[in-house]
1. Could you grab the relative contact order for the range 4-118? Cα pairs under 8 Å, six or more apart, rounded to a whole percent.
2. Between 0 and 90 degrees, rounded to the nearest ten: what's the tilt of helix 178-193 against the longest Cα principal axis of the chain?
3. Given the Cα-Cα distance of E194 and A2 and 0.36 nm per residue of separation, how much length would full extension add, in nm?
4. Quick one: Karplus J couplings for the range 90-104, per residue in order, coefficients 6.51, -1.76, 1.60, θ = phi - 60°, nearest Hz, x for Gly and Pro?
5. In square nanometres and to one decimal, what's the mean projected area of the convex hull around the Cα atoms of the range 27-161?
6. Under a plain spin-label model, where a point goes 7 Å from the Cα along Cα-to-Cβ, how far apart in nm are A229 and L241?
7. Listed highest first by mean packing, meaning other Cβ atoms within 10 Å per residue, what order do 7-19, 224-236 come in?
8. Taking 0.36 nm per residue of separation and subtracting the Cα-Cα distance, what length does fully extending T87 through H142 add?
Amino acid sequence: MAGPIIVAEGLAKDYRLGSHTVHALRGLTVTIERGEFIAVMGPSGSGKSTFMNLLGCLDTPTAGRYVLGGEDVAGLSPDALARIRNTKIGFVFQQFNLLPRTSALENVELPLQYAGVPARDRRARARARLAAVGLADRESHHPSQLSGGQQQRVAIARALVNEPAVILADEPTGNLDTRTSVEVLALMQRLNREGLTIVLVTHEQDIAAYASRVLSFRDGRLRSDERVASPLDAERVLASLPVEEEAA
Ligand code: ADP
């Protein structure tokens, strides 16, 4: 499909706290093209989570327009928003958010189950996704039997299994050591090169350096919007990092 994946125009979100109104987002205008890899930065309280919640159709704006993949979503009902969430958006979280007593494969199948895909197709598609993140041999492991990096790869496979238009990642490397973080970023850069649009929140400049564009928030506003001339190449950085003894 042609056209930008995300268009936000004058997007605003107010929260009422008693008699007080918090202007969490104050009229944000931004366009994100398909295939971009965006880092969202800014101090705590600057509106990053509010922005991501709106992008992810988890919340509705107080004012403004939000067009996702050509569809105006700002005024949709909760049911319609849930449908869009399940089909167009993949979420990746700092805490991985995998179901604990459930295998890697079943975790990846879950969004397909919600989408009503028949069991046989679910299994095949989930298998293919797990293989694509390098975890074909970990299908039946439970999250507690996987390293942090492996758990995040399962979570990325789960986010991708519905073939979403965009991945929203909230501090996806926040719980990972340096090498594992760069491995996860290498995976994201590869997926991005294959055409996936990624919006990633981070408070670390070191992580934002892997993105191709950085949006910086302050006080509910976009303070800067900068293209990164030459983003770090995670594969190259990995090659230069010392190799540690890795638990399988
Ligand atoms: P960030 O993710 O950058 O830390 P947030 O988007 O969470 O920033 O918050 C932006 C502002 O909105 C902050 O002042 C925060 O306290 C306020 N805020 C966020 N969510 C709520 C809420 N549910 N109710 C009231 N105020 C909120």
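1. The normalised contact order for the range 4-118 reaches 25 percent.
2. Compared with the principal axis, the helix lies near 70 degrees.
3. Result: 67.5 nm gained on full extension.
4. x, 9, 10, 10, 4, 8, 6, 6, 8, 6, x, 9, 9, 5, 4
5. 9.6 nm²
6. Spacing of the two 7 Å Cα→Cβ label points: 2.6 nm.
7. Put in order of decreasing packing, that is 7-19, 224-236.
8. Extra length available between T87 and H142 comes to 17.2 nm.
All of the numbers you see were taken from the coordinates with simple rules; none came from a lab. Because the structure is a prediction, the values reported are computed rather than measured. Neighbour counts are summed over all protein chains in view; Cβ atoms, including those assigned to glycine, are modelled from backbone coordinates with ideal geometry.
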